[in-house]
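Notes follow once the structure below has been shown.
The values are calculated or read from the model by the stated rules, or taken from the named source; none is laboratory data. Model, not experiment: these values are computed from the prediction. Cβ placement follows ideal geometry from the backbone for every residue including glycine, while neighbour counts extend to all protein chains displayed.
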Amino acid sequence: MAKNSKEFLVATEKLSKKIKALQQQLKHAKETIEAIKRGTIDAVVISDKKKLKVFTGATADKKYRILIEKMHEGTVVITKTGIILYCNSHFAAMVNLPLHQVIGSKFENFIIDASEKHVSGLLKKGWTRYSQNEISIYKKGKKSMPVLMSLNAIVWDNTPVLSITLTDLTIQNENREELKEKAKQLEQKNTELKTVIKKLAVQNKKKEKKTIELTAANKDLTTFTYVSSHDLQEPLRKIQNFVTCILLEEGNLSETSRDYFLRMRTSAKRMQELIDDLLTYSRSKDNKQNFENTDLNTILNDVKNDFEETLQEKEATIKVSDLCEIPVIRTQFRQVIQNLISNSLKFSKAHTPLQIRISSKIEQRSRKNDKIAASKIKYCHLTYTDNGIGFDPQYNERIFEVFQRLHSQEEYSGTGIGLAICKRIIENHNGTITATGEPGKGARFDLFIPSITKRKD
């Protein structure tokens, strides 16, 4: 009896120990379940041949867990059989599924068009060494997503697992395609540019050849003009002198003969004027002379003295406002004023006193539509007007052309070179000259000369 009692006590004690152990396990299980619910432990239950296996991963350091969860990359942990034991929230978002539907499923299910051989080949490499591959994954209800898959074998909760990091390549690939397109466009532009450069090179060669020819032609023309003019000067003077002598010494000339000799002298004089103007025109391009800071009033006074008698004959008046003081080539600018006044005297109205007005001011810019309108350089704006016969506005530009005449020689004398000389001299000073007119109401000339003249090379 005593023996039986003793055995009963031993059995009771063993059973009590088992109950305590089971209670401890139950307590641990409850704590694990609660931890899983709270998210402090990651776990997955896998059915394997009628057997349930529970994998848990306690996160010892909460900071690392937060770090993984906040990563902008998908993180997945799989078993050797490809079962997902863990994934972070970002991967779940990448495949557009809740976490509980991802964990426990096979990783290959999320790889697009992945054969068993292909997947096993990718994963097999990851189990042996760190590797990377570009793949595409499903995104439920949306388009596929290109990702960079990085694989690394680790030990997790005493179990060998494969850690997979997936980086979204969508933007990168879009940028890559955009760069390819830009590179393609750039290559096309480069090809077009090369073609243009070749064409320009051909054109430049032609221009260089033409420039050389024009330079040679201009040189020959200048030489011809100068030599011809000088060679013609002496014969003309002799013709004029002989005609004068005949008219003075020969008293028996008939009226017809005298008229012929007078016409001859007039023609010789006109030719002399033409030669002089041609010489002046050919020399007006010369800017090698010194620019001098000059009061334009002094130049005007000199020219007025030259025309004193003619001005009196025409009952002409010149009203002048204070003129600018600017750097000019004195001899050339004197020619400009002289030609303008000569033009006004020549084309004045009959029986109407000639009135000339000259004024100037410094301007930052010229009138609208002028060639120098956008320049920030200060200009002396010289305005010249008269009350002569004027001219049709259609001739505003043509009036500055060489030998351009708006009237016959019989109506008004002159060579038609005066205003062309003016234009050339003003351009030689890096300035501009424009003309406006109206029949019967006179003419206006606007001259723009830089207040600091820069010599042309």
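Points worth noting:
- Considering the conditions (1) modelled with pLDDT of 85 or more; (2) in a loop (DSSP other than H, G, I, E, B); (3) of a type in the set (K, R), K368 is excluded by exactly one of them, (1).
- Strands (runs of 3 or more DSSP E) fully within segment 284-347 that include at least 1 residues being under 29 Å from K441 (Cβ atoms): 317-320.
- When V155, V202, V196 are screened for being assigned by TED's automatic domain parsing to the domain that holds T79 and out of contact with any helix residue (DSSP H, G or I) (no Cβ under 8 Å at 6 or more places or on another chain), only V155 passes.
- Count of segment 308-347 residues which are among the polar types (S, T, N, Q) and more than 20 Å from S359 (Cβ to Cβ): 5
- Of the candidates N290, N252, the single residue that is modelled with pLDDT of 70 or more and within 20 Å of Q335 (Cβ to Cβ) is N290.
- The condition (being touching a Lys or Arg at 6+ places or on another chain (Cβ under 8 Å), assigned to a helix (DSSP H, G or I), modelled with pLDDT under 85 and over 27 Å from K106 (Cα atoms)) is satisfied by just one residue among Q240, Q172: Q240.
- Filter result for G418 (modelled with pLDDT of 85 or more, assigned by TED's automatic domain parsing to the domain that holds V336 and surrounded by 18 or more Cβ atoms within 10 Å (Cβ to Cβ)): no
- Residues considered: I452, I426. Of these, the only one that is at pLDDT 80 or above and either closer than 26 Å to E292 by Cα or not assigned by TED's automatic domain parsing to the domain that holds I329 (or both) is I426.
- Among helices (runs of 4 or more DSSP H) entirely within segment 77-162, having at least 1 residues that are out of contact with any strand residue (DSSP E or B) (no Cβ under 6 Å at 6 or more places or on another chain), modelled with pLDDT of 85 or more and closer than 26 Å to E177 by Cβ singles out 89-94.
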